[in-house]
Amino acid sequence: MTSASLASITRNPLRAAVDVAPIDPKVTSFHARMPAYSPTMLFDVPELAAQLGVGRLLVKAETRRMGLPSFKILGASWATYRALCEHLGYEPEPWRNINELAANLEHLKPFKLATATDGNHGRAVAFMARLLGFSCHVFVPRGMVEARIQAIRSEGALVTVVDGTYDEAVARSAHEASDRCLVVSDTSWEGYETTPARVIEGYSTIFHEIDDAIDASGLQRPDVVVIPMGVGAFMAAGVSHYRSDDTGSGGTVIVGVEPLDANCVQASATAGHITQVPGPHNSIMVGLNCGMPSLTAWPRLSKGIDWFASVDDEAACQAMRDLAAVGIVSGETGAAGLAGFEALIRDPEFRAGIDLESTTVLVVVTEGATDPEHYEHVVGRGHETIGRVITAVRG
């Protein structure tokens, strides 16, 4: 742990009761039919809890989900499926697995999916396209690390680097929409709200898994939930889950974490309306390098979050090392939640309103080592060694 990093901590001035729409009950059963589906790990980490001075620290590790190193496939798969149903005008049932679904969609070919990404969402959409036998075109911002571009290409997608920010890549991807191409974006713009809402619905599976694991272990539900934010789709799912019976005060404390130079949700809440944080956005927390909140997510973000924590890259690097020390692999974006919570507990106003020693905190780690070379540079050893005992054999 370190206290040398820069951070911006603010209480949400817009906090109020949230009108939460019900989640489609078919989401979890849909995911159960996806290949290699199983709940990801929920870790109880007493070592980090002691260092932070909290009663219990739980870490939901979205580091390996259906063969991909992040949670994004949950939103991308469900949103793609619902968009296909709307395109067809009916549900392509019956199907028991992805091969049967692909067979039911065979008549659409040639068909394409398109999206913009700063990393994991684009790979998830490309993965879904490959499973269905469709082509895929992914637009990425200038400066994306080559390892992440190659990961998207490994799913068979065409990748186009846009000479601009993530938001400019989003604008470019929107032009791909046609009768033969569905745009599957996790952010929204005027006239394009349904699919991003489906992405948010898809992420709800994570929070149901958390509840199931906590209940099965006989643990206390979290008092504080810490979630990294980009455009805010994942956070909107968290708000929907933890604010389902919200009155605007009390209940679970929700904390949103962003990079200092791409804190569009924090800046918007402070301004009282959606505000763009201009680029370039150069944080190593690339999955959070977004300049504008999602229009679809904003109503839930603006009212449902209690605290904002924006952190610098060194804080994210230290959080990667702290997680590695307890056997959890996390990429730069994934470690942002822990970095943000560490910054938050140094804030006098936050500390004055909570008894940390009796508090259960849930931190969501949203990705594994999506850039293995940089991970080894930061942590000091390869991600494949984390959580393993290395024994020196002497001759």
For this session: Being in contact with a Phe, Trp or Tyr (Cβ under 8 Å, 6 or more places away or on another chain) and in a strand (DSSP E or B) is the filter; apply it to the range 183-236 and report the residue that is surrounded by the most Cβ atoms within 10 Å (Cβ to Cβ).
Result: PRO228
Problem set entry | Tabulated pairs, the range 303-329, first more than 14 Å from ALA339 (Cβ to Cβ), second crowded, with 21+ Cβ neighbours inside 10 Å and of a type in the set (Lys, Arg), C-beta under 6 angstrom, 6+ apart or interchain | GLY304/ARG243
Problem set entry | Count - residues of the range 321-375 that are closer than 25 Å to GLY75 by Cα and in a loop (DSSP other than H, G, I, E, B) | 13
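Quick one: which of PHE127, PHE139, PHE134 is outside the structural domain of GLU376 (by TED's automatic domain parsing), more than 21 Å from ARG33 (Cα to Cα) and either in contact with a strand residue (DSSP E or B) (Cβ under 9 Å, 6 or more places away or on another chain) or among the basic types (Lys, Arg) (or both)?
Details: PHE127 fails: more than 21 Å from ARG33 (Cα to Cα); PHE134 fails: more than 21 Å from ARG33 (Cα to Cα).
The match here is PHE139.
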Exercise. Which condition number does ALA83 fail, the rest of (1) farther than 22 Å from ALA324 by Cβ; (2) surrounded by fewer than 21 Cβ atoms within 10 Å (Cβ to Cβ); (3) modelled with pLDDT of 95 or more; (4) outside the structural domain of GLY119 (by TED's automatic domain parsing) being met?
Worked result: (4)
Exercise. If you go through the range 11-54, how many residues are crowded, with 16+ Cβ neighbours inside 10 Å and either of a type in the set (Gly, Ala, Ser) or not assigned by TED's automatic domain parsing to the domain that holds GLY327 (or both)?
Worked result: 1
Exercise. Restricting attention to the range 127-180, which residues are in contact with a Lys or Arg (Cβ under 7 Å, 6 or more places away or on another chain), surrounded by fewer than 17 Cβ atoms within 10 Å (Cβ to Cβ) and over 19 Å from ASN289 (Cβ atoms)?
Worked result: GLY133, GLY156, ARG180
Exercise. Looking at the range 21-76, which of its residues are touching a residue at least 60 places away in the same chain (Cβ under 8 Å), assigned to a helix (DSSP H, G or I) and not β-branched (Val, Ile, Thr)?
Worked result: HIS31, GLU47, LEU48, ALA49, GLN51, LEU52, LYS72, LEU74, GLY75, ALA76
Exercise. Regarding GLY89, is this residue surrounded by fewer than 19 Cβ atoms within 10 Å (Cβ to Cβ) and at pLDDT 95 or above?
Worked result: yes
Exercise. Would a scan of the range 99-108 turn up a residue that is surrounded by fewer than 17 Cβ atoms within 10 Å (Cβ to Cβ) and under 20 Å from ALA339 (Cα atoms)?
Worked result: no
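The values are calculated or read from the model by the stated rules, or taken from the named source; none is laboratory data. Only a predicted model underlies this, so the values are computations on that prediction, with no experimental measurement involved. Cβ sites come from the backbone with ideal geometry, for glycine too, and all protein chains shown count toward neighbours.
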